[in-house]
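For reference, the structure is listed below as structure tokens.
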Amino acid sequence: MKIKPLGDRVLVQPVEEKEVKKGGIIIPDTAKEKPQEGKVVAVGTGKLDDDGKKIPFNVKKGDRILMPKYGGTEVKIDGKEYQIMREEDILAIIEE
């Protein structure tokens, strides 16, 4: 299934952190923090300004981003978890 976000929305696949072990204790999924890093899977059609011109996106497909812990809307597509959020909610692009 293909999803194309609308407007200034971005489809992000959260990057899961590896299982953390502290002192031999396995931390269950329910106690782990939500991931803050993600990968942009798709971008929307673009936001329009007051004159009807499209405002270009700052992020593009494939970018690694930093996102808020509890931002966006969680969706499941083909068994994988994604988040749909507005571009303005993205905190930063991670560059290497």
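The values are calculated or read from the model by the stated rules, or taken from the named source; none is laboratory data. Since the model is a prediction, treat every value here as computed from it, not as a measurement. FYI the Cβ positions are ideal-geometry reconstructions off the backbone, even for glycines, and counts take in every protein chain you see.
Details
- Looking across segment 40-55 at every residue that is part of a loop (DSSP other than H, G, I, E, B) and surrounded by 14 or more Cβ atoms within 10 Å (Cβ to Cβ), the one that is nearest to the chain's Cα centre (by Cα) is identified as Gly44.
- Segment 56-96, subset modelled with pLDDT under 90 and touching a strand residue (DSSP E or B) at 6+ places or on another chain (Cβ under 6 Å), residue surrounded by the most Cβ atoms within 10 Å (Cβ to Cβ): Gly72
- Residues of segment 14-55 satisfying the condition of being acidic (Asp, Glu) and modelled with pLDDT of 85 or more: Glu37, Asp49, Asp50, Asp51
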